[in-house]
Amino acid sequence: VGGRGQWWVNDFIGFGATAYRQGEEDDRQTLLGADVTLRYRPSTYLKAELGQSTGAGTAALLSGTGGYDFATQTLDGQQAGAYRIESGFDLADFVDSGRGRIQAYIQERERGYSAPGQAAPDEQLRQAGMTASIALTDRTTVTGKVDLRDGTSSETLVGEVSARIRRFKKPEPY
């Protein structure tokens with residue numbers, strides 16, 4: 001059972017809270033979270049979230065072979081915390097001729113953190129990333145993305161850049 005509540009003070013400041021509990025006795029899992037959002041305009045914002053989990057919850061099945069075999073992922077049920085800070089910026093909100101968006105995030109989950117889709121059973125995980133899509137001309141848009149995942153036992157850095165160039169102009173309306 002769980003729930004989420006959100007309250008906006010005005011168009012620019014919002015607060016949220018989440019509570020979740022599942023399982024019985026040894027498999028019981030509790031998750032509590034709180035967040036605050038500061039919004040300049042709908043696509044320009046800053047959001048901070050905190051979460052705390054207790055309990056192992058139910059085991060998850062993981063496959064590294066595309067589903068041919070599975071391993072059970074279990075947690076030890078310790079209390080662990082997590083946070084996430086994310087932001088989004090629409091360039092048009094700051095520059096009259098701005099055409100593009102920039103988004104960034106950083107998050108960390110302590111070893112043992114247990115939440116749906118966010119479990120960190122064996123290691124502390126720190127992740128950060130950024131995406132930008134900027135229109136250079138009416139026909140050319142450049143997009144870039146980078147993500148860093150830093151764990152106790154591994155570190156991964158992934159990046160990509162692409163350009164979209166339209167060969168023909170859009171037809172003029174009648």
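For the reader, a short list of remarks on this structure follows.
- Scanning segment 63-114 for residues that are β-branched (Val, Ile, Thr) and modelled with pLDDT of 80 or more yields a total of 4.
- Every pair of residues 6+ apart whose Cβ atoms lie under 9 Å, when the first sits in segment 152-167 and is acidic (Asp, Glu) while the second is surrounded by 10 or more Cβ atoms within 10 Å (Cβ to Cβ): Glu155/Leu148; Glu155/Arg149; Glu160/Thr143; Glu160/Gly144; Glu160/Lys145; Glu160/Val146
- Candidate set from segment 21-48 (those that are open to solvent by 60 Å² or more (accessible area, probe 1.4 Å) and assigned to a strand (DSSP E or B)); member that is nearest to Val1 (Cα to Cα): Arg21
- Entry remark, segment 49-62: residues being farther than 16 Å from Arg4 by Cα and either at pLDDT 95 or above or among the aliphatic types (A, V, I, L, M) (or both) number 5 in total.
- Within segment 1-37, the residues that satisfy the criterion of being touching a residue at least 12 places away in the same chain (Cβ under 8 Å) and either of a type in the set (Val, Ile, Thr) or more than 23 Å from Arg109 (Cα to Cα) (or both) are Val1, Asp11, Phe12, Ile13, Gly14, Thr18, Thr30, Val36, Thr37.
- All strands (runs of 3 or more DSSP E) inside segment 85-166 with 2 or more residues being surrounded by 12 or more Cβ atoms within 10 Å (Cβ to Cβ) and of a type in the set (Ser, Thr, Tyr): 125-135, 140-151
The values are calculated or read from the model by the stated rules, or taken from the named source; none is laboratory data. Model, not experiment: these values are computed from the prediction. As a convention, Cβ positions derive from the backbone with ideal geometry for all residues, glycine included, and neighbour counts pool all protein chains shown. Only protein heavy atoms, including side chains, enter the accessible area calculation; ligands, DNA and RNA are left aside. Shrake-Rupley method; radii C 1.70, N 1.55, O 1.52, S 1.80 Å.
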